[in-house]
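Working notes for the structure below.
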Amino acid sequence: MFSHIVIFWTDPAQPGAVDELIAGAHRYLQDIPGIRHFHVGRMVGSQRPVVDQTYQVALNTGFADKAAQDAYQVHPRHLEFVEKVFKRVCTRVAVYDFE
């Protein structure tokens, strides 16, 4: 199993950025071949100080292995998501990949 976690900070000057990012992830990413697990959603607030609450959206995807995730990264729909959605509505991103 290869996990690919992406944390997004959206542009506060764009009030609809969170909804647009989530919709764009569903539209462009969720059906890309090789994805075994797909979940995108809003940050959930917490009273626990250890929980990062600075971001707005997280994407959690799972693949059989690193090769499948590498193919996902160059898939035309992933590249389209980056250009048409991510670059327009996000100010920062953090990525966590692990096996």
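What follows draws every value from the coordinates through simple rules; no lab data is involved. Here the structure is a predicted model, which means the values were calculated and not measured. Please note: Cβ atoms are built from the backbone with ideal geometry, for glycine as well, and neighbour counts cover all protein chains shown.
State yes or no: is GLN47 farther than 20 Å from ARG92 by Cβ, in contact with a strand residue (DSSP E or B) (Cβ under 6 Å, 6 or more places away or on another chain) and of a type in the set (S, T, N, Q)?
Answer is no for this residue.
So ASP19 ticks every box in (1) free of Cβ contacts under 8 Å to residues at least 12 places away in the same chain; (2) of a type outside the set (Val, Ile, Thr); (3) part of a loop (DSSP other than H, G, I, E, B); (4) over 23 Å from PHE98 (Cα atoms) but one. Which box is left unticked?
Condition not satisfied by ASP19: (3).
Surrounded by 17 or more Cβ atoms within 10 Å (Cβ to Cβ), part of a loop (DSSP other than H, G, I, E, B) and of a type outside the set (D, E, K, R): does that describe ILE32?
Spelling it out, ILE32 is indeed surrounded by 17 or more Cβ atoms within 10 Å (Cβ to Cβ), part of a loop (DSSP other than H, G, I, E, B) and of a type outside the set (D, E, K, R).
Looking for something surrounded by 12 or more Cβ atoms within 10 Å (Cβ to Cβ) and hydroxyl-bearing (Ser, Thr, Tyr) - is there at least one such residue anywhere in the stretch 38-51?
There is no residue in the stretch 38-51 that is surrounded by 12 or more Cβ atoms within 10 Å (Cβ to Cβ) and hydroxyl-bearing (Ser, Thr, Tyr).
I'd like to know if the stretch 77-99 contains one or more residues that are more than 13 Å from the chain's Cα centre (by Cα) and buried (at least 16 other Cβ atoms within 10 Å of the Cβ).
There is no residue in the stretch 77-99 that is more than 13 Å from the chain's Cα centre (by Cα) and buried (at least 16 other Cβ atoms within 10 Å of the Cβ).
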